[in-house]
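A quick write-up on the structure given underneath.
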Amino acid sequence: MISNSCSTVSRLAPAAAFIVAAVLPIVGTAQRNTTSTVTNAPRHGIAVANIDPDVKPGDDFYRYANGRWIARTEIPADRAGIGVFSILADRSNKNVAAIIEEAAKSSAPAGSNARKIADLYNAFMDEAAIDGRGLKPLESHLAAIAAIHDRHDLAVALGKTLRADVDMLNNAVFSTPNLFGLWVAPGFSDSERYMPYLLQGGLQMPSRDYYLDETAHMKDLRVQYYTHVAAMVRLAGFDDSESRASRVISLERDIAATHVSLADIEDIARANNLWTRADFAAKAPGLDWDAYFEAAGLGQQKQFMVWTPSAFTGEAALVGSVPIETWKDWLRLHLIEAYANVLPRALAEEQFSFFGQVMSGVQQERPRWQLGVNLVNGDLGDAVGQIYAQKYFSPQAKAEARAMVANLIAAYHKRIAQLTWLAPSTRAEAQAKLNTLYVGIGYPETWKDYSTYEVRSDDAFGNAWRASVWSYQREIARIGKPVDRHEWSMEPQTVNAVNLPLQNALNFPAAILQPPFFDPEAPAVVNYGAIGSVIGHEISHTFDAEGSAFDSKGRVRNWWKSADHAHFEQQAEKLEKQYDAYEPFPGVHVNGKQTIDENIADLGGVAAAYDGYRASLKGAQAPKQDGFTGDQQFFIAFGQNWGSKTREAALRRQVLTDGHSPAQYRADVVRNIDAWYAAFDVKPGDKLDLTPDERVRIW
Ligand SMILES: [Zn+2]
């Protein structure tokens, strides 16, 4: 992934009710305001007005490329941050809002995608109806929890919460509030069939550090979390809210202690654990696994990939030892938190006050219509995406993007052919991976079929519940079936890009293939610096610590020689140290190990894009524009990909929980590229200067 854009978005809370017809003018205004600040439309090329000429590029390249934009831009009150990605996401949301509006006007027949889109949105927007129903939608679910009497019942209840809500390799979703999370993907050893992968879970806060870290900042967050949990329990109508909150949080802390850290979770060797059903009882006693899997609809499944075995052992033991009443309160809290956005506003507001304000520093909730658009993107993403792709992505844009991808792949072929540290057999397999890579551009080849997902115009809670069950049923039905390597893992309206290592595939959604990332009217050098580096980033994941665990067929296989590994590890370690040294807040350092794959991808991406740009010139010089040489434009365009501002709470959270480094350090990766030194006359003594020997060269 190029960016973890979902991580700082708060959950939902109410605002004034909008009807669909009100959407367009509102979005239109917001759009005009935000776009002009970043892209300086209608010029094509680097955004000269964003550059701060008073900053020396060699001292702080990120601020040089983006300083004036940073100075004049304010983070909107309803955001955790702002940047090129979020501004494009706003544009995409505006387009999706228009699609929803059209769907609502069309009086499409019952059961059609258009009717579902309109009904899903309208049911969510009808806050009066949601408030009017109060806690009624929860009644049957709470009654089921109240009826748990023994550990067998508890295992059944926990099994019923299993959802397809994690994704360890494509979209890097490493947490779920349910006890465990399921991901259905091609098998590690049999990449022709879908396998079930299970991941640790059970926490409301983003990771184990939030429960265990002893810094003052984290201790303070935990005090506020306690207040929040007690408030949620009280609002849901339960007595004794404070002692219930203490017990639930104490259980979450015990769960956190069993969790594998984020830095270790991306290690494929640690994740490669095939468990039979008998293994669960033997290796993770405490949970009645037969009851659990039966309730999850997986009673017949004989084998699972267990991503984090130590957490399964630890969490199952807690299911067997912690009082049942505590688990029942844990189930209640997790149910209420999961659906607060479609419950009365007091619950949604309380949730936002913690997860939005405290955890991410967002001052106010987004307008309701934007939350509605997010909801439709989440639950009917392909239905909207299909229309989006048709309306907003031209065949010409697709053809031009495809040509650029081909140039980047050619650049990688060349680089790999010249790498002396790779053994010939390793080089051959790396080339084979490039040859068999499927590159999806704009939109998927096939679309999800929503015909069995029931949407009602007057049932926001039920729609959300059924969406989560529908998606889970769809995923478990795929287990054992043949793999479709061309299947996508992102929607066309998403501003991001992704590498799917088990399919040896890349997806570049339509929404990222637009200015300022990709502008057919801009000088080629600018497109190479901007979208070219993004494409190069995704290709690089094919060969990073994670990607290199998989061969050209997507199987887990060690196709590297030990000398290859030794060199790779040594260079990776150098890069880890470079990032460990970055300190966004006093005492808070970037985690070089946790971010290593993304940093390598940034480095490989910009290096390959640079080669692609040089090759496209066929020996000529790129024309100067606005006084900048071709090389300068290339690096500035790359640096401007990362122009952004993030609130402190959200940035602290990113440092702890995201595989991507904070934006400013991503721009500064150029300090490893020789051509950058020449382009900006960077000299020893400049803050970003590295001696040629200190520069990291991997791909
Ligand atoms: Zn990435």
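Per residue, the average separation of C-alpha pairs within less than 8 Å and at least 6 apart gives the chain a relative contact order of 21 percent. Which residues among segment 413-427 fall inside the zone where the amide N is under 13 Å from a point 7 Å beyond the Cα of residue 562, along Cα→Cβ? Inside the label zone: nothing. Bridging of residue 645 to aspartates and glutamates at a Cα separation below 13 Å is possible for 74, once same-chain residues fewer than 8 apart are set aside. The candidates 551, 674, arranged from most to least accessible area with a 1.4 Å probe in the full protein assembly, appear as 674, 551. Annotation note: trypsin sites (Lys or Arg not before Pro) in segment 238-314 located in DSSP loop regions with a Cβ neighbour count of at most 10 within 10 Å are 302. Between segment 84-135 and segment 538-570, the C-alpha centres lie 43 angstrom from each other. For the residue pairs 160/302; 105/391; 56/683; 593/683; 577/687; 391/448, the C-alpha atoms sit more than 21 angstrom apart in 593/683. Principal-axis analysis of the Cα atoms of the chain puts helix 368-379 at an angle of about 90° to the longest axis.
Quick one: helix 630-641 against the long Cα principal axis of the chain, what's the angle to the nearest 10°, folded into 0 to 90? Tilt relative to the chain: about 10 degrees. Close amide H contacts of residue 195 (hydrogens built in the peptide plane, cut-off under 5 Å, sequence separation of 5 or more or a different chain): 185, 187, 480. For residue 308, nonlocal amide neighbours, meaning residues 5 or more places apart or on other chains whose placed amide H falls under 5 Å from its own, are 200.
Taking every DSSP bridge with both residues inside the chain, close to 70 percent are antiparallel.
Taking every DSSP helix (H) stretch of at least 4 residues in the chain, weighting each as -39,500 (n - 2.57) and dividing the sum by the residue count yields a mean residue ellipticity at 222 nm of -16000 deg cm²/dmol. The residue 417 and residue 691 beta-carbon pair, evaluated with R₀ = 25 Å, returns a calculated FRET efficiency of approximately 0.35. Helix 309-321 and the longest principal axis of the C-alpha atoms of the chain enclose an angle of approximately 20°.
Residue 452 to residue 112: extension gain in nm, 0.36 nm per residue of separation minus the Cα-Cα distance? Working shown, then result.
Working: separation 340, 0.36 × 340 = 122.40 nm, distance 1.08 nm.
Result for the pair: 121.3 nm of gain on full extension.
Taking amide hydrogens as placed 1.01 Å from N in the peptide plane, the amide H of residue 438 sits under 5 Å from those of 505, 506, each at least 5 positions away in sequence or on another chain. Based on the alpha-carbon gyration tensor of segment 326-408 and its eigenvalue square roots a ≥ b ≥ c, which shape applies: rounded if a/c is under 1.5, prolate if not and a/b is larger than b/c, or oblate? Cα axes put segment 326-408 in the prolate bin.
A straight Cα-to-Cα reach below 16 Å connects residue 553 with the lysines 433, residues fewer than 8 places away in its own chain not being considered.
Shown in residue order for segment 259-271 are the 3J(HN,Hα) couplings computed by the Karplus curve 6.51 cos²θ - 1.76 cosθ + 1.60 at θ = phi - 60°: 6, 6, 5, 4, 5, 8, 6, 8, 7, 4, 4, 6, 8 Hz (x for Gly and Pro).
Taking the accessible area of the chain, probe 1.4 Å, and keeping the other protein chains in place, the carbon and sulfur fraction comes to 53%. Shape verdict for the chain, please, from the Cα gyration tensor: rounded (a/c under 1.5), prolate (a/b greater than b/c) or oblate. The shape class here is prolate. Per residue, segment 213-252 exposes an accessible area of 48 Å² to a 1.4 Å probe, with every protein chain left in place.
The values are calculated or read from the model by the stated rules, or taken from the named source; none is laboratory data. Just so we're clear, the structure is a prediction, and the values are computed from it rather than from any experiment. Please note: Cβ atoms are built from the backbone with ideal geometry, for glycine as well, and neighbour counts cover all protein chains shown. What goes into the accessible areas is simple: the full protein's heavy atoms, side chains included, and nothing from ligands, DNA or RNA. Shrake-Rupley method; radii C 1.70, N 1.55, O 1.52, S 1.80 Å.
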